[in-house]
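First comes the structure, then the notes that go with it.
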Amino acid sequence: MHKRIKIFPLLLIPLTLILSCRKHYDPFHGKPKWIREYFEKLQSGNYPDIYAISWWNEDFDRTYLTINSSKRSLKSYREGVSDERYISESYFLNHKLQPVAGKVYHGAFPGFGGTEDEVSQNSIENFEVLSQKRIAWSYFSNNWYDSLIFPKNSVDIIGQYGCTPFIRIMFRSDFETVPDPYLKLQNIIDGMYDLQLKEWANCARDCGYDLLAEFGTEVNGNWFSWNGQFNGGGTTNGYGDPTYPDGPERFRDAYRHIIDICNQCNAVNITWFFHFDVSGEPEEDWNDAVYYYPGDSYIDWIGVSTYGPQQRGDDYISPNELLQNAYLKMQQISVSKPYAILEFGITEL
């Protein structure tokens, strides 16, 4: 669960090579220990269908989520990803990302500024220098704003560097307002954005790279406007199937519509991810991630966010609890798809 609080413009400059001067260290529930335990649990053999991890490396909300927020944290991360099971090259078959037996892709949001789309080779290189490990994919946001535009420049930077571009299609007109005052899931379903989506799909098809993409990041979290709470919630008489909660059903159908358009445009070079959060809000039965899932015929990978505390004072959640809950939910969503930890991180405690 990555909740945005406020963007601090002065913190948008690259900070990945600067170690934090924070001195506080909790040896019992500290970030270094949490990172070590996370990798230990991943390597325990209890989660055989997790084939990818992706650290969310940011500091622009003063959350100290970067891997180098302290020397101890950086050491823990480096030691974790140094294991040979973490691989830095993406493998595709028929343009779809393939799980590799016994291996886990090492990906990251390496830090692309407060809008999550200021993609630069320098940011990727800095993260790799810090982690002492190359990344298989580079995760960034494609913000919809007034019109959805394919992020060709960002894709080229990442692709030419040798990483796989991972595009988060973020259906928002700004960063501050939830629910969004302009963009509505029903408008996607009704075809209002079809011209934009077709142009996006054509550009994706012709970009020259195999792509990873998702729509509706952390869909079961009401910190984003595509959550069901703002699209019909748990009512069942306002849209579609009278036995299905309207909010999740609208999201499901909107995501299906996007993928259908991409397929119609022959943009077959996209691997589609479904992304939920291990701790959804609101805590209502209708907000279960299962209800949002577009289905195995649409989605290629199942992904989840599993954060520890992001601010001092947040409840401490152990890696063991996070991974157990996440894995169980992914199995409830689909037993035939590979799983990915699309976002994980923790602040300094």
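The values are calculated or read from the model by the stated rules, or taken from the named source; none is laboratory data. A quick note: this is a predicted structure, and the numbers were derived from the prediction, not measured. Heads up, the Cβs are rebuilt from the backbone with ideal geometry, glycines too, and the neighbour counts pull from every protein chain shown.
Taken over the range 303-328, the criterion of being buried (at least 20 other Cβ atoms within 10 Å of the Cβ) and either of a type in the set (D, E, K, R) or over 17 Å from the mean Cα position of the chain (by Cα) (or both) is satisfied by PRO319 alone.
One line per residue, one yes/no per condition, for (1) at positive phi; (2) of a type in the set (Lys, Arg); (3) surrounded by fewer than 22 Cβ atoms within 10 Å (Cβ to Cβ):
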{"residue": "LYS75", "(1), (2), (3)": "no, yes, yes"}
{"residue": "GLN98", "(1), (2), (3)": "no, no, yes"}
{"residue": "SER123", "(1), (2), (3)": "no, no, no"}
{"residue": "SER138", "(1), (2), (3)": "no, no, no"}
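Among residues of the range 312-330 that are within 18 Å of ALA52 (Cβ to Cβ), those with a beta-carbon under 8 Å from a residue that is among the basic types (Lys, Arg) at least six positions away or on a different chain give the pairs PRO319/LYS41; LEU323/LYS41. Kindly indicate whether GLY111 is crowded, with 24+ Cβ neighbours inside 10 Å and not in a strand (DSSP E or B). Yes, satisfied. Of the conditions (1) out of contact with any helix residue (DSSP H, G or I) (no Cβ under 9 Å at 6 or more places or on another chain); (2) closer than 23 Å to LEU342 by Cα; (3) modelled with pLDDT of 95 or more, LEU183 clears all except one; give me its number. So the condition that LEU183 fails would be (2). Tell me, yes or no, whether the range 120-141 has at least one residue that is closer than 25 Å to VAL178 by Cβ, of a type in the set (A, V, I, L, M) and part of a loop (DSSP other than H, G, I, E, B). Among the residues of the range 120-141, not one is closer than 25 Å to VAL178 by Cβ, of a type in the set (A, V, I, L, M) and part of a loop (DSSP other than H, G, I, E, B), which makes the answer no. One residue stands out among those in the range 278-302 that are polar (S, T, N, Q) and buried (at least 16 other Cβ atoms within 10 Å of the Cβ): the one that is nearest to GLN43 (Cα to Cα), which is SER279. TYR244 passes every criterion in (1) assigned to a loop (DSSP other than H, G, I, E, B); (2) touching a Phe, Trp or Tyr at 6+ places or on another chain (Cβ under 9 Å); (3) closer than 20 Å to TYR193 by Cβ; (4) not charged (D, E, K, R) apart from (3).
For the subset of the range 143-166 comprising residues that are in contact with a Ser or Thr (Cβ under 8 Å, 6 or more places away or on another chain) and either in a strand (DSSP E or B) or among the acidic types (Asp, Glu) (or both), which member is farthest from ASN187 (Cα to Cα)? Checking each candidate, the answer is THR164.
If the condition is being at pLDDT 95 or above, in a loop (DSSP other than H, G, I, E, B) and aliphatic (A, V, I, L, M), then the range 331-349 contributes VAL335, ILE346. Considering each residue of the range 206-216 in turn, at least one proves to be out of contact with any Ser or Thr (no Cβ under 9 Å at 6 or more places or on another chain), buried (at least 18 other Cβ atoms within 10 Å of the Cβ) and at positive phi. Please verify whether the range 127-147 includes one or more residues that are over 17 Å from the mean Cα position of the chain (by Cα), closer than 17 Å to GLY345 by Cβ and among the small types (Gly, Ala, Ser). Within the range 127-147 (the criterion being over 17 Å from the mean Cα position of the chain (by Cα), closer than 17 Å to GLY345 by Cβ and among the small types (Gly, Ala, Ser)), the answer is yes, since at least one residue qualifies.
Scanning the range 1-59 for residues that are closer than 24 Å to VAL100 by Cβ and either exposed (fewer than 14 other Cβ atoms within 10 Å of the Cβ) or at pLDDT below 60 (or both) yields GLU40, SER44, GLY45, ASN46, PRO48. Take the conditions outside any strand (DSSP E or B) and among the small types (Gly, Ala, Ser) and apply them to SER44. Does it pass? Answer is yes for this residue.
Might you check whether a residue that is acidic (Asp, Glu), assigned to a strand (DSSP E or B) and in contact (Cβ under 8 Å) with a residue 12 or more places away in the chain occurs anywhere in the range 280-287? Within the range 280-287, one or more residues are acidic (Asp, Glu), assigned to a strand (DSSP E or B) and in contact (Cβ under 8 Å) with a residue 12 or more places away in the chain.
Residue count for the range 309-330, restricted to those that are in a helix (DSSP H, G or I) and among the basic types (Lys, Arg): 1.
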